[in-house]
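Engineer: Here it is: the structure, laid out below.
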Amino acid sequence: MSIRIYNTMARKVVPLETREPGRVLMYTCGPTVHNLQHIGNFRTFMWLDFVRRYLEYRGYEVTYVMNYTDIEDKIIDRARIEGVSTEAVTTKYSAAFDEDMEALGIRRADIVPRATGHIEEMIQAIEGLIDRSFAYESEGNVWFAVDSFPGYGKLSGRSLDEMRAGERVEPQASKRHPLDFALWKSAKEDEPSWSSPWGPGRPGWHIECSVMSTKYLGMPVDIHGGGADLTFPHHENEIAQAEALADREPFVTQWMHCGLVQMESTKMSKSLGNVVLGRDLLERYPADVIRYWVLMGSYRIQPLFSDAVMDDAVQSYERWARFLSSATHALEGQVPDVGFVRRPVDDEEFDDHEGAVFLQRFIAAMDDDFNSAAAFAAIHDLVGEGNKTIEALHSENQEERDKLSRLVQSFLEMTSTMGFRFESSTVSSELVASLVEYVLELREQARAESAFERADAIRSHLEAIGISVEDTPGGARWHLRVGD
């Protein structure tokens, strides 16, 4: 069975193709480090991080590149607002981005190039485009001539006339065509600049990603990802530059675009002022709950963000965390150590045990364009089966204990592949666990003595410190609530 991905260029789900067998070369357009990033940005980064994790789980060696745009108009504007240098701005917001990514459990890319570290390569690429008559210099600026590239518009599926009618285009006297885009911008007063054959200036945004992606990954890149809003013009322009310069195609084999987060009926956007910053959301919810919300629907949808949606994510995630906590307690801490698991696409052998059917459902779903909704359903069904098994453990039936252990093993394999950590939901301290068990014994003793007011008071005190107690036929079960 092979992994299938929706390719924006093909406009359909296609089998994953890689340049080298067993290896995936993957590039993501990273942040423009001019401000704190909102949860819409982090949704894209978290999803593509999960794609990387899943490809590794399926046996691929992944080389993942994500750039930092550290020279761009927004950075210059921010420097003026804050009254500092552009370098101070990018240093500040790069560090903030790194902190937020780590807090959200998003792994750092293998290679993280910065635009300002590749100016010479960009100048060389621009010179090559001029030599090949795909670009021209005018008044110290260099423009890419869109009508010189026959394939322009193939990613977005629009002609030049449709693009011109549908986009706001700023007129420039030095441009031959309204849609021609900047490869090099001539220096303005009080702006950072570099020397070039066309005079001092700086690169345009689009040439940055073309140069950095091809430098570290070559052509074709197996998977190029980003938000859906980058399809045009950014990714369209990347294609034109890379393929015109290399005189061959494709620049990218598979294009993956993540849907934009919606606030009620409007997309989340800094320009609209309706953003929720990643670090602000982390103050309200654990990273695992945010991950649950991000991954519970396809990467291609435009998910709604609201308090009600997040509350639903809390409840659903708590069901997982409660199962793991209860199972850990039932197994007296003897939870299988899953570690990093690989299940290569050419090895579909599964051990014959209770968790295998759920694993098979999980893999079948994820192989089909990363269908996380179906994968989540498999995990929830496993949790339901696991909870039934926990109820049977009061009989000390070793067969049931073994079954539960295998279910937990499959649960951890699936959730760890998705990046869940359960750090805020499970108790690793034997001392704390022993104290809770002792308090529950006192509560049980009070109930046996018909001292129900005292028993209720014990339960209320536990609830007040974030420990939920559930009475079952097999005895009281407890877990830490998410966020406490």
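The values are calculated or read from the model by the stated rules, or taken from the named source; none is laboratory data. In this text the structure is predicted, and so the values were computed from the model without any measurement. Here Cβ is always computed from backbone atoms with ideal geometry, including for glycine, and neighbour counts include all displayed protein chains. Side chains are part of the model used for accessible areas, which takes the heavy atoms of the whole protein and leaves out ligands, DNA and RNA. Shrake-Rupley method; radii C 1.70, N 1.55, O 1.52, S 1.80 Å.
Engineer: Name every residue in the range 132-171 that is charged (D, E, K, R) and at pLDDT 85 or above, in order of residue number.
Structural biologist: In the first step, residues of the range 132-171 are kept if they are charged (D, E, K, R); the result is 132, 137, 139, 147, 154, 158, 161-162, 164, 167-168, 170.
Selection gives Arg132, Glu137, Glu139, Asp147, Lys154, Arg158.
Engineer: I want to confirm something. Restricting to the range 79-91 and keeping residues that are within 26 Å of the chain's Cα centre (by Cα) and in contact (Cβ under 8 Å) with a residue 40 or more places away in the chain, which single residue is nearest to Gly204 (Cα to Cα)?
Structural biologist: The residue in question is Thr90.
Engineer: Working only within the range 169-184, note down all residues that are surrounded by fewer than 18 Cβ atoms within 10 Å (Cβ to Cβ) and not hydroxyl-bearing (Ser, Thr, Tyr).
Structural biologist: Matches in the range 169-184: Val169, Glu170, Pro171, Gln172, Ala173, Arg176, His177, Pro178.
Engineer: Among the residues of the range 191-198, is any open to solvent by less than 20 Å² (accessible area, probe 1.4 Å) and within 28 Å of Val89 (Cα to Cα)?
Structural biologist: The answer is no, given that none of the residues of the range 191-198 is open to solvent by less than 20 Å² (accessible area, probe 1.4 Å) and within 28 Å of Val89 (Cα to Cα).
Engineer: Further question: Name, by its number, the condition in (1) over 16 Å from Ile126 (Cα atoms); (2) not in a strand (DSSP E or B) that does not hold for Glu208.
Structural biologist: (1)
Engineer: Does the range 12-32 contain at least one residue that is surrounded by fewer than 23 Cβ atoms within 10 Å (Cβ to Cβ), of a type in the set (Phe, Trp, Tyr) and out of contact with any Pro (no Cβ under 8 Å at 6 or more places or on another chain)?
Structural biologist: No, because not a single residue in the range 12-32 is surrounded by fewer than 23 Cβ atoms within 10 Å (Cβ to Cβ), of a type in the set (Phe, Trp, Tyr) and out of contact with any Pro (no Cβ under 8 Å at 6 or more places or on another chain).
Engineer: What tally of residues in the range 73-85 results from selecting those that are open to solvent by less than 30 Å² (accessible area, probe 1.4 Å) and not small (Gly, Ala, Ser)? Lay out the reasoning, then the answer.
Structural biologist: Within the range 73-85, the subset open to solvent by less than 30 Å² (accessible area, probe 1.4 Å) is 75-76, 79.
So of that shortlist, the ones also not small (Gly, Ala, Ser) come out as 75-76.
Qualifying residue count, the range 73-85: 2.
Engineer: Could you please find all residues in the range 1-11 being surrounded by fewer than 18 Cβ atoms within 10 Å (Cβ to Cβ) and part of a strand (DSSP E or B)? I'd like the intermediate steps shown before the answer.
Structural biologist: Residues of the range 1-11 that are surrounded by fewer than 18 Cβ atoms within 10 Å (Cβ to Cβ), as a first pass: 1-2, 4, 10-11.
Correct list: Arg4 only.
Engineer: Ok, one more. Quickly run through the range 330-368 and pick out the residues that are crowded, with 20+ Cβ neighbours inside 10 Å and not in a helix (DSSP H, G or I).
Structural biologist: Matches in the range 330-368: Gly355 only.
Engineer: Further, regarding this structure: What pairs come out if I take residues in the range 57-76 that are at positive phi and pair them with residues that are surrounded by fewer than 19 Cβ atoms within 10 Å (Cβ to Cβ) whose C-beta lies under 8 Å away, six or more apart or interchain?
Structural biologist: Matching pairs, first to second residue: Gly59/Gly22; Gly59/Arg342; Gly59/Arg343; Gly59/Pro344; Gly59/Val345; Gly59/Asp346; Gly59/Asp347.
Engineer: Something else: Looking for whichever is in contact with a Pro (Cβ under 6 Å, 6 or more places away or on another chain) and within 23 Å of Ala228 (Cβ to Cβ) here; the options are Phe181, Phe144, Phe97, Phe149. Which one fits? Step through it out loud before you land on a result.
Structural biologist: Details: Phe181 fails: in contact with a Pro (Cβ under 6 Å, 6 or more places away or on another chain); Phe144 fails: in contact with a Pro (Cβ under 6 Å, 6 or more places away or on another chain); Phe149 fails: in contact with a Pro (Cβ under 6 Å, 6 or more places away or on another chain).
Checking each option against the conditions leaves just Phe97.
Engineer: Continuing with the same structure: Go through Ile123, Ile119 for me and flag whichever is touching a Ser or Thr at 6+ places or on another chain (Cβ under 8 Å) and in a helix (DSSP H, G or I).
Structural biologist: Ile123
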